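Here is the structure we will look at, set down as structure tokens.
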Amino acid sequence: MTQVETVIGLYGDHGAGSGSRTGRLGVTEGEEAAISVITDLLHWLSAHGRDGDDVLDRAQVRFEAEVSEGSW
């Protein structure tokens, strides 16, 4: 299990609207948990005086580079 799956799973277990009875998230539940994670990260960035849009842009660039390299 990757770190991402662990975090998404935690949000799914404790986040709003979790309907998972088996402890494993479905795709829709996982997507909602991912949105909650991203939202919380944006709140954290804002609280620390950081620009969430800039961070999201940088993350997107890193994501695209990793996908094109096949490194993830």
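For the pair Leu45 and Arg62, how long in nm is the line joining their label points, each one 7 Å along Cα→Cβ?
It works out to 1.1 nm between the two label points.
Show me the ranking of peptides 41-48, 63-70, 3-10 by mean Cβ neighbours inside 10 Å, starting with the highest.
Descending packing order for the listed peptides: 3-10, 41-48, 63-70.
Label points 7 Å out from Cα along the Cβ direction at Ile35 and Asp54: separation in nm?
The answer from the label model is 2.8 nm.
Read-outs: derived from the displayed coordinates by stated rules, not from any lab. Just so you know, these numbers come straight off a predicted model, no measurement behind them. Note that each Cβ is placed from the backbone with ideal geometry, even for glycine, and that neighbours are counted across all protein chains shown.
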